[in-house]
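Visitor: Here it is: the structure, laid out below.
Any read-out appearing in this document is the output of simple, stated calculations on the displayed coordinates, not a laboratory observation. This structure is a prediction, so every number in the text was calculated from the model and none was measured. Quick reminder, even Gly has a Cβ in these numbers, built from the backbone with ideal geometry, and neighbours come from all protein chains shown.
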């Protein structure tokens, strides 16, 4: 009976140890531009995650949420920014977006989606301003 309890405990511990990495989801650990940053120009966006990404299911879209000269309360609907090529970086843990041209002055959201080996889609957003 004692041997059975010991084996059951060892099996439970091994199962927990093995399943913990499988249950992990990618977390955003760094962004350039950073969250809430105010920058002079942007021609590249880099999002770095905690684990390798599945390229086919990971990426981001950039939308302009405000622009200079708009009266308060009269902001436009978010405008999707085109001409961005998004790829998984050489480290496998980052999404690198190369813009066809620099972003004009305004406020932006980067709406990202990340999938790693656990196949769960995780989403999030960072915001920044180009002055």
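Visitor: Convert 4 °C to kelvin, take the viscosity as 1.567 mPa s, use the Kirkwood radius over C-alpha pairs of the stretch 21-131 as Rh, and evaluate the Stokes-Einstein diffusion coefficient in µm²/s, rounded to a whole number.
Guide: Details: Rh = 14.5 Å.
Translational diffusion coefficient: 89 µm²/s.
Visitor: Please arrange 43, 118 by counting, for each residue, the other beta carbons lying within 10 Å of its beta carbon, fewest first. Present the calculation step by step, with values, prior to reporting the outcome.
Guide: Values: 43 11, 118 15.
Going from sparsest to densest Cβ surroundings: 43, 118.
Visitor: Extending each Cα 7 Å along its Cβ direction at residue 36 and residue 121, get the distance between those two points in nm, one decimal.
Guide: 2.9 nm
Visitor: To continue, here is another question. Extension gain residue 61-residue 100, at 0.36 nm per residue separation less the Cα-Cα distance, in nm?
Guide: Values: separation 39, 0.36 × 39 = 14.04 nm, distance 1.39 nm.
This chain segment gains 12.7 nm when fully extended.
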